[in-house]
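The values are calculated or read from the model by the stated rules, or taken from the named source; none is laboratory data. These numbers were taken from a predicted model, which means no experiment stands behind them. All Cβ positions, even for glycine, are placed from backbone atoms using ideal geometry, and neighbour counts span all protein chains on display. Heads up: the accessible areas ignore ligands, DNA and RNA and are worked out on the full protein's heavy atoms, side chains in. Shrake-Rupley method; radii C 1.70, N 1.55, O 1.52, S 1.80 Å.
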Amino acid sequence: MCAAESFPEDPGQPGSVTSEPGGLLDVLSVAAVVLDADGRIVLWSPQAEELFGYTAGEALGRFAGRLLVHEEHLELVAQLFTRVMAGEGSWAGVFPVRHKDGGTRLVEFRNMRLEDENEDLYALGLATRQATLRGVERDLALSTRLVSQSPIGLAVVDTDLRCVAVNPALERINGLPAAGQVGRRAREALPFLDTDAVESAMSEVLATGVPILDQEYVGRTPAVPEEEHAWSVSFYRLETSNGRILGVATSVVEVTERYLATAEAAQARHRLALVADASMRIGTTLDLDQTARELAEMSVRELADVAAVDVLDSVLNGRPPTDTHQGPAVFRALALAAAHPTEAVRAADPPGEVARYEADRMVTQCVNTGHPVRVPHLGRDDLASIARSPEAATLLAAAGVHSYLAVPLIARGEVLGALDLKRTRNNPAPFTADDEILAGELAARAAVCIDNARWYQQVRNTALTLQRSLLPQQPPDQPGLEIAYRYQPALAASEVGGDWFDVIPLTGDKTALVVGDVMGSGISAAVTMGQLRTATRTLAELDLEPAQVLHHLDRITDRMGQTITTCVYAVYDPGRHQCLISNAGHLPPVLVRPDRPPELLGLPTGAPLGVGDVTFHTTTLDLHPADALVLYTDGLVETRHHAIDERLDVLIGLLGAPLRSLEETCDVLLHELRHPGDHDDVALLMARVRPSGS
């Protein structure tokens, strides 16, 4: 059997007696030289030629000392050679050697005696350049120190992906000693990681040689199994100087703090997005029940399995919320929502019902203190502090309610009620401090909407009462005129506006007719309207032309800071059968005559009151018996979905119907032109000339 037949067919596999050569000896380029007993060179390796400069033909047979050693070192070399050949041990050291080019090289030697079968003695010298050897030593020392002392976890796996080395830092990071990792694959030693992804990355780097950098992995280590950690892992292929693949080096940096900060930032962004979404979804109307339903539905979508919105009954009864106190609380349930069918719904108060909760109940503690109440892990006894009755507590237990959170509904510093949240077995995670913050933000926005509905209703009622008190209650019966009027506040649940009308008796049986519109709404608009109505009445007493009246009103309005007020002012003189009329940016009146179609008066429009330094014009209009003027504010004809010209045509069409009484006509106009939910109020004034003598 030849020698080759004794080797396995696949060197390098387990059981092989040979393997691929390493590259370190190639880096060192170790030269071999053999001397006989007399010191003559009998063997000369190619590396020796590279190191000393002499070819084998130039070196063989020559005395090594005379060829390679400077004259002053010959005696020392002879002594060392004699000692080695005498069997007194090998010799190692650095020696200056003469190169063929005349220069000197520092060479590190290992010299030893050899003996053949004939008992002849030889000297073997192994040599390499000192600079090369020192460089390798420094690199090795540096690598060793870096690996052992680096805070970065380092590991090396072979081509079978089995760990062959780990440094102390990686032992600490993984919570495993080196013995628990060396010789094992990642899936065997590190089950707390996504080892399929780790080994896939290693295989890819082995195959391609392209590093994979900064891959993030998340898991729990044996050292701290209750906490989640994150690592940034990079993979590099290891190769020798001659290109042989050794395996993969892995560097591991713990980035748990960065991961948690990133996760917290992502959670904060999600919370902000959710709050922004809630701002659009909650409080879409000023309807209390609708707002509560929107809050409950948003809560079960993001936070809880069951959500209830309960408001203190005193708030809904018009009494102001009380300061935080101790004692029982009476709630009215407004909304209830569930993420899935659950027995916990049956344990809650149905919307619309009033329930009294004693001071020891958690929801009562929430509204009494004005602070959230959070119980991450509920015990059996805790359910009794949540439920309205023992039967309800049994239902909560059957539903697997395990975590509870109640946050107060606070608006403008007052507690209005509470948002009540529960998690069942369908959501095993307990409520956290972040959940408490998010629930508080949702509740805060909903509370403002709830309070707005209550506050706006109060303000609307106040403004409406004020406005009605400022408008004429019963216009006087004026000579030569039949009068009818209507005032209708906005039909939507919003504030009243500043529309007004007036009928003012003047000297000489004349009558002033006024319709105006203060832009804006609420008490401010109503007060401004009252001031302008008073000013108009005062100016009317001076018997000025309509244009002059509007001129003075313009200056008054400008000083009041109210720049958007429109007005029509007309004076009817029954003796002359004439009407003088002037317009300040208002919609044109309609003239209705028995024998002609109704028409919009083509008056100079003028600018709204308050602009300042505007010229107003007075138009003279002849009026005959049965002729009628229709003055109105824009709330009668303007809508969001129709052009104003189209709506004015509808108004003209309604006024062109067969003759009715003025009262009847006012009712028809409001019925046909107004719609539920209109967001503006209306002042309507009609004046018809009576026949002479009536």
Exercise. Answer yes or no as to whether ASP287 is open to solvent by 60 Å² or more (accessible area, probe 1.4 Å) and at negative phi.
Key: yes
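So, of the residues in the stretch 343-372 that are open to solvent by less than 70 Å² (accessible area, probe 1.4 Å) and assigned to a strand (DSSP E or B), which turns out to be farthest from LEU288 (Cα to Cα)?
If we filter the stretch 343-372 for residues that are open to solvent by less than 70 Å² (accessible area, probe 1.4 Å), which is where we start, we get 344-345, 347-350, 352, 355, 357, 359, 361-364, 366-370, 372.
After this cut, where a residue has to be assigned to a strand (DSSP E or B) as well, the list is 355, 357.
Values: ALA355: 18, TYR357: 22 Å.
The extreme case among them is TYR357.
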Practice problem: Please specify each residue of the stretch 50-93 satisfying the condition of being under 20 Å from ASP120 (Cα atoms), modelled with pLDDT of 85 or more and among the hydrophobic types (A, V, I, L, M, F, W, C). | Solution: LEU60, PHE63, ALA64, ALA78, LEU80, PHE81, VAL84, MET85, ALA86
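Taking the stated definitions as given, is VAL571 touching a Leu at 6+ places or on another chain (Cβ under 9 Å), in contact (Cβ under 8 Å) with a residue 60 or more places away in the chain and assigned to a helix (DSSP H, G or I)?
It is false that VAL571 is touching a Leu at 6+ places or on another chain (Cβ under 9 Å), in contact (Cβ under 8 Å) with a residue 60 or more places away in the chain and assigned to a helix (DSSP H, G or I).
For THR566, state whether it is among the β-branched types (Val, Ile, Thr), surrounded by 21 or more Cβ atoms within 10 Å (Cβ to Cβ) and either in a helix (DSSP H, G or I) or within 59 Å of the chain's Cα centre (by Cα) (or both). Before you say what the answer is, go through the steps one by one.
Details: among the β-branched types (Val, Ile, Thr): yes; surrounded by 21 or more Cβ atoms within 10 Å (Cβ to Cβ): yes; either in a helix (DSSP H, G or I) or within 59 Å of the chain's Cα centre (by Cα) (or both): yes.
Criteria met by THR566.
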Quiz prompt | Every residue from the stretch 59-72 that is free of Cβ contacts under 8 Å to residues at least 24 places away in the same chain and open to solvent by 50 Å² or more (accessible area, probe 1.4 Å) | solution = LEU60, ARG62, ARG66, GLU71, GLU72
Exercise. Pairs only if they're at least six apart or on different chains, beta carbon under 8 angstrom, first in the stretch 252-270 and outside any helix (DSSP H, G or I), second surrounded by fewer than 13 Cβ atoms within 10 Å (Cβ to Cβ); list them, first residue then second.
Key: VAL255/GLU216
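Please determine whether any residue of the stretch 661-669 is in a loop (DSSP other than H, G, I, E, B), open to solvent by less than 30 Å² (accessible area, probe 1.4 Å) and touching a residue at least 40 places away in the same chain (Cβ under 8 Å). Step through it out loud before you land on a result.
In the first step, residues of the stretch 661-669 are kept if they are in a loop (DSSP other than H, G, I, E, B); the result is 661.
Filter again for open to solvent by less than 30 Å² (accessible area, probe 1.4 Å), leaving none.
No.
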Quiz item: Can VAL375 be described as within 19 Å of VAL309 (Cα to Cα) and buried (at least 23 other Cβ atoms within 10 Å of the Cβ)?
Solution: no
Quiz prompt | Qualifying residue in the stretch 118-133 (condition: in a strand (DSSP E or B), open to solvent by 50 Å² or more (accessible area, probe 1.4 Å) and closer than 25 Å to VAL27 by Cβ) | solution = yes
Quiz item: Pick from LEU213, LEU176, LEU190: which is within 18 Å of HIS229 (Cβ to Cβ) and free of Cβ contacts under 8 Å to residues at least 40 places away in the same chain?
Solution: LEU190
Quiz item: For the stretch 216-249, how many residues meet the condition of being touching a Ser or Thr at 6+ places or on another chain (Cβ under 6 Å), without any contact (Cβ under 8 Å) to a residue 40 or more places away in the chain and either surrounded by fewer than 14 Cβ atoms within 10 Å (Cβ to Cβ) or over 18 Å from LEU176 (Cβ atoms) (or both)?
Solution: 2
Quiz item: Does the stretch 148-156 contain at least one residue that is in a strand (DSSP E or B), open to solvent by 30 Å² or more (accessible area, probe 1.4 Å) and not β-branched (Val, Ile, Thr)?
Solution: yes
Quiz prompt | Output for the stretch 409-432, where each listed residue is in a strand (DSSP E or B) and either at pLDDT 90 or above or in contact with a Phe, Trp or Tyr (Cβ under 8 Å, 6 or more places away or on another chain) (or both) | solution = LEU409, ILE410, VAL415, LEU416, GLY417, ALA418, LEU419, ASP420, LEU421, LYS422, ARG423
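Please go through the stretch 389-408 and pick out each residue that is part of a loop (DSSP other than H, G, I, E, B) and either crowded, with 18+ Cβ neighbours inside 10 Å or at pLDDT 90 or above (or both). Lay out the reasoning, then the answer.
Filtering the stretch 389-408 down to residues part of a loop (DSSP other than H, G, I, E, B) leaves 389, 399-402.
Matches in the stretch 389-408: ALA399, GLY400, VAL401, HIS402.
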Quiz prompt | Only listed residue being in contact (Cβ under 8 Å) with a residue 24 or more places away in the chain, farther than 26 Å from THR511 by Cα and not acidic (Asp, Glu), chosen from LEU648, LEU629 | solution = LEU648
Self-check item: From THR538, THR528, residue being assigned to a helix (DSSP H, G or I) and open to solvent by 70 Å² or more (accessible area, probe 1.4 Å)
Solution: THR538
Self-check item: Answer from VAL306, VAL367, VAL354 - the residue that is in contact (Cβ under 8 Å) with a residue 40 or more places away in the chain, of a type in the set (Val, Ile, Thr) and out of contact with any helix residue (DSSP H, G or I) (no Cβ under 7 Å at 6 or more places or on another chain)
Solution: VAL367
Self-check item: Matching residues, the stretch 604-647, being on the phi < 0 side of the Ramachandran plot, touching a Gly at 6+ places or on another chain (Cβ under 8 Å), buried (at least 16 other Cβ atoms within 10 Å of the Cβ) and not in a strand (DSSP E or B)
Solution: ALA607, PRO608, VAL614, PHE616, THR633, GLY635
Quiz prompt | ARG184 vs. criteria within 45 Å of the chain's Cα centre (by Cα), surrounded by fewer than 17 Cβ atoms within 10 Å (Cβ to Cβ) and either among the charged types (D, E, K, R) or at pLDDT 85 or above (or both) | solution = yes
